[in-house]
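Down below is the structure, laid out as structure tokens.
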Amino acid sequence: MKRFATQLVFFLLLLNPVLCNARQEPTALPSGDERYKTDILLVVAHPDDEGAATPYLARALDEHKRVAVVFGTRGSSGANEAGAEQAAALGAVREIEARNALTTLGITNVWFLGGKDTASQNVLLSLANWDHGESLAQLVRLVRLTRPEVILTFLPGTFIGEDHGDHQASGLLATEAFDLAGDPVAFPEQVAGPTKRLEPYLENLRPWQPKKIYYFPDADREDIFRGKGPDYSVKEISKSSKLPYWRLGLDSFRSHQTQAKVFLDKVAQMDEAQIEKMATSDSFWTESLHFVLGKSLVGGSVTGDIFEDITPGAIPFARPEVSPEPARPELSVELGGSYSFYVEFRRAHGLTNLPHPEPPEIALQGHTTMVIPLWVRNRTAKTQEISIAATLPAGWTAQTGTGKFTVAAKQVAAARIEVMLPAVPENETKKPEPQEVSVRADSNGQSIGEIKLRVELR
Ligand SMILES: [Zn+2]
């Protein structure tokens, strides 16, 4: 029986020229699909958010750059100005509006992460509502599929401005994906080769390290972003269409009927000069689009062109440089929630030069409750008594969270001050000035820290 098996193997070897022939012809293995290779990957939260960058995208397309777009959600919340559909049905409509808006510019590689709209300015709530892990895996997959040279996205941070938590989440996920997509051990199932011909699980993508990431701020104040990245005029004339870039952006925006029918109908009644004045005003694109350089792995200057020093081809994976944790005293108090998260986030992703307001700031609706989240750290060997007091503008009242507390030895405790905000008078027409809130913490009659926060009432 054994002898028969040996003879059979010998016979098969004779029949199989590949196994017998020492000099075989090489077979080309499939490589990444070129139809999806991009130069710019735009990552935003909702349908219509792409409008923050469309005049620049139109310019990049003129320069034969390939552009793809990822949306965090389908935009299933808010008023419908064009029809009766709401909720998930509205999301289904808005997906098509976003695709049509981008097709107008010539962009057809568009994906949705499947997150849900979150009515909040707290990025952590948006991440929870988007199923952070699932969304990140999908975005890393799309970076590996599209192999962008550059990622453009919202600036992750808390500011007085529109500052939607979902906008922040898109910028945060884009930053995480920038740092993970090139890492062969991050989501390894995506970069594993197939184990059989019709592999159903492993994806056969390759790791990809994007070269630069730029942010666009969602904040009212612009002073802290000046000189932090390049500016692109929206009034310049497109080489291909002979129209100004703001006009191409506006033509693309026309698809967003469910979000902006009233506005678009008004624009349809205006003459060209009025439309230009509106589109280039402070409440729209202003005269130029401004980007903030997050990081570049290929050099180039801060305010230079987005593609400065970018050459074709892959670059090695670069693990972000984590700056050291700041030294803390034995007893300390600091802002918690998304405020402290962003401090850690900037440190962990090598974004220490990313502009952020100091003191931290936020805009809130009047007649609501403001929550000031705190971390109280006791690294000493005994229980400590801490007293917390808040200094508030007239008419603002601390409801809970001030007074005396104990924190056990070697413990970090979360605390929370809740402040009832006054209503903003209805006839208030001038823009409100941000007010300063300060929180003091003492132990044994000694200050262990003071926190300041700028708050604008809306
Ligand atoms: Zn949005």
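Where a number appears in this text, it was derived from the coordinates with a stated rule and is not lab data. This is a predicted model, so every value here is computed, not measured. Counting neighbours? That spans all protein chains shown, and the Cβs are built from the backbone with ideal geometry, glycine included.
For this structure, a couple of remarks:
- Taking the C-alpha atoms only, the angle from helix 165-180 to the longest principal axis of the chain is near 40 degrees.
- Net charge dipole size for the chain [Lys, Arg +1 and Asp, Glu -1 on Cβ; Debye, nearest 20]: 1740
- Average projection area in nm² (convex hull over Cα atoms of segment 345-458, one quarter of hull surface): 8.9
- Counting only DSSP H runs of at least 4 residues, each contributing -39500 (n - 2.57), and dividing by the residue count of the chain, the helix-based mean residue ellipticity at 222 nm comes to -8500 deg cm²/dmol.
- Between Lys261 and Thr303, the distance separating the two model label sites (each 7 Å from Cα on the Cα→Cβ line) works out to 4.5 nm.
- Computed from point charges on the beta carbon alone (+1 for Lys and Arg, -1 for Asp and Glu), the dipole magnitude for segment 53-167 about its Cα centre is near 480 Debye.
- Taking a ≥ b ≥ c as the square roots of the eigenvalues of the alpha carbon gyration tensor, segment 318-406 is oblate, as a/c is not under 1.5 and a/b does not beat b/c.
- For segment 119-175 and segment 268-284, distance of Cα centres in Å: 31
- Once the Cα atoms are used to define both axes, helix 337-348 deviates from the longest principal axis of the chain by about 50 degrees.
- In terms of packing, defined here as the mean over residues of other Cβ atoms within 10 angstrom, the peptides 105-113, 41-49 line up highest first as 41-49, 105-113.
- Each residue of segment 61-75 was assigned a 3J(HN,Hα) from its phi angle through the Karplus curve 6.51 cos²θ - 1.76 cosθ + 1.60 (θ = phi - 60°); the sequence is 5, 4, 8, 6, 7, 9, 10, 10, 10, 10, 9, x, 10, 8, x Hz, with glycine and proline shown as x.
- On the basis of the beta-carbon distance and an R0 of 35 Å, Thr400 and Val322 show a calculated FRET efficiency of 0.45.
- Working note: Debye formula, equal point scatterers on the alpha-carbon atoms of the chain, no solvent; log10 I(q)/I(0) at q = 0.08, 0.09, 0.12 Å⁻¹ is -0.57, -0.70, -1.12.
- Ala128-Thr27 pseudo-label distance in nm [points 7 Å out on the Cα-to-Cβ vector]: 5.2
- Considering only beta bridges that DSSP places wholly inside the chain, some 70 percent are antiparallel.
- With the highest mean first, a sort of the peptides 188-194, 351-357 on other beta-carbon atoms found within 10 angstrom per residue produces 351-357, 188-194.
- Pairs beyond 29 Å (Cα-Cα), from Lys37/Lys261; Lys266/Lys295; Lys228/Lys410; Lys261/Lys431: Lys37/Lys261; Lys266/Lys295; Lys228/Lys410
- Against the chain, whose longest principal axis is taken from its Cα atoms, helix 87-105 shows a tilt of about 70°.
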